[in-house]
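Below is one structure, written out as structure tokens, with a few remarks after it.
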Amino acid sequence: MEELSALGTVRRRSPVIASAPIGPAQRRFANAVAALETELSPPDLLGELKALETAFGRRRGQAWGDRVLDLDIVLWSGGVWHSRSLRIPHRGLAERGFVLGPAAAIAPGWRTPGSGLTLRQLQARLTRPRTLLRDRTRSDP
């Protein structure tokens, strides 16, 4: 995460957690989140992040495949950003425990645009145990 310092000030960073692969990827992923203060606009920051990925050896190709590095802008202090190449908040934020866990570790009270829920609340919704609904069509003894 030290390379992010060239793009601004890293205010907080989460511990690194391991997660299972998604899609055709074969290896486990290491995931972390950083809070970066920068003067760059979201599209300019995304361009710099993609340049960092390339510098680390990432090659474009198969979606969801094994990769050396994957950098995304998940949230932004300006709230919502929508363009052809960038959407903030990230579309998959509420369904991705490997993002919510580290994000909630460094900014549990951050409210997400749209839902108004905090990162801690989103993580709790994703990780809470679910009860199975009873089949009401059968008769119980």
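Scanning the range 13-67 for residues that are over 18 Å from the mean Cα position of the chain (by Cα), assigned to a loop (DSSP other than H, G, I, E, B) and at pLDDT 85 or above turns up T38, E39, L40, S41.
Within the range 30-41, residues that are touching a residue at least 24 places away in the same chain (Cβ under 8 Å) reach partners that are surrounded by 17 or more Cβ atoms within 10 Å (Cβ to Cβ) and of a type in the set (S, T, Y) with beta carbons closer than 8 Å, at six or more positions or on different chains, in the pairs A32/S14; V33/S14; A34/S14. Six or more apart or on different chains, Cβ under 6 Å: which pairs go from a residue in the range 73-95 that's under 22 Å from L126 (Cα atoms) to one that's of a type in the set (F, W, Y)? Could you list them? Listed pairs, sorted by first residue: I88/W76; I88/W81. Go through the range 8-34 and give me each residue that's surrounded by fewer than 11 Cβ atoms within 10 Å (Cβ to Cβ) and closer than 19 Å to L93 by Cβ. Correct list: A20, G23. The listed residues are L126, L117, and the only one of them that is of a type outside the set (S, T, N, Q), at pLDDT below 90 and on the phi < 0 side of the Ramachandran plot turns out to be L126. With respect to the conditions (1) hydrophobic (A, V, I, L, M, F, W, C); (2) in contact with a helix residue (DSSP H, G or I) (Cβ under 7 Å, 6 or more places away or on another chain); (3) surrounded by 18 or more Cβ atoms within 10 Å (Cβ to Cβ), L126 falls short on a single one, namely (3). Test A103 against the stated conditions and say whether it is under 12 Å from the mean Cα position of the chain (by Cα) and either at pLDDT below 85 or of a type outside the set (F, W, Y) (or both). Here the answer is yes, as A103 does meet what is asked.
The values are calculated or read from the model by the stated rules, or taken from the named source; none is laboratory data. Note that this is a predicted model, so its numbers are computed, not measured. Heads up, the Cβs are rebuilt from the backbone with ideal geometry, glycines too, and the neighbour counts pull from every protein chain shown.
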